[in-house]
1. Just rank S64, S31, fewest to most, by other beta-carbon atoms within 10 angstrom.
2. Name the long-range amide H neighbours of G2: under 5 Å, sequence gap of 5 or more, or other chain; modelled H, no Pro or chain starts.
3. Given q = 0.19, 0.20, 0.23 Å⁻¹, what are the Debye log10 I(q)/I(0) values for the range 3-89, with equal point scatterers placed on the Cα positions and solvent ignored?
4. Distance in nm between label sites at N39 and R186, each 7 Å beyond Cα in the beta-carbon direction?
5. For L15 and N47, what does the FRET efficiency come to when R0 = 22 Å and r is the distance between their Cβ atoms, rounded to the nearest 0.05?
Amino acid sequence: MGYCLAPKRLVDNHLEIKYFYSEYPDDDNDSGLRFFEGNESQEFLDNPDNIGLYDLETIIEMDSSLPAVLKYLPVGVTYEKIDGVWMFINDDETPLEGRAYFDNKIVEEPVHFGCTLLKLKLPWNNQIIQVYCNDNVINSYYPVVPKPYHYSYGVYLPDICSLRGYFTKDDLEDYYIRCEEKYQRRHSSKNEKLQQMIKKKL
C-alpha cells in the first residue's frame, strides 16, 4: 500500500485523524497521502522533526472509516472529518472558462475493458481532445496523450471527475508533462538494461 506522512504525535498518541489530502507521490512507494489532526499550526508542520513516515496500513488501523474513502481516491483532493463523517473539500478557484467538464461529451464510443472513448472540447482554446472513461467501478477519465506517451505507462490525470466533474488547463498540462517524463524514464531504463546485456554477451 506504500507509505504516507503524518505528525508523530498523531500516531504515537493514537489521536483522531480529522484531515488528510493526497498529492503526487515522491517515489514509487509513496502513497501520496498526508494525514493530520487538523489543528496543527504552520510552524509545527514546517518542522520536519514533527513529521513521520508511516506504512499506510498503520494509519488505516487507527481509523476504520478510512478504507472506504481511500479506495478510489484521486490525486489532489482534500477530506475533512466533520461530525464523524469524511467530507470532500473543493478549494479549487479555477474560473468556469478554465474548466473542462466531463459532461460536455461530443462522442461516446465503447472501446475495451469497460472503457468508453469520449471527445471533449476544451473551453480555453476550443481544442477537441479524446478521453478514455473507465467506468468498471467508478468513472475515471484519462485524456489520450499523443503517441508514444500513452497513458498506460502508469501516469494518470487525477480522476477527480467523481468529485468535482472537471479538470483544468493546469491539470492537463501537468498530466502531459508527467506522461512524457514517465515514458522517458521507462525507456531510459530499458536502454540501460539492453546495454548491460550487450556488454555481458561481448
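1. Numbers: S64 8, S31 19.
Placing the least packed residue first, the sequence is S64, S31.
2. L56
3. With one equal scatterer per Cα and no solvent, log10 I(q)/I(0) is -0.85, -0.96, -1.30.
4. So the two model labels end up 4.7 nm from each other.
5. In this case the efficiency is close to 0.80.
Every number in this text was worked out from the coordinates using simple rules, so none of it is lab data. Note that this is a predicted model, so its numbers are computed, not measured. Here the Cβ is made from the backbone with ideal geometry for all residues, glycine too, and neighbour counts use every protein chain on show.
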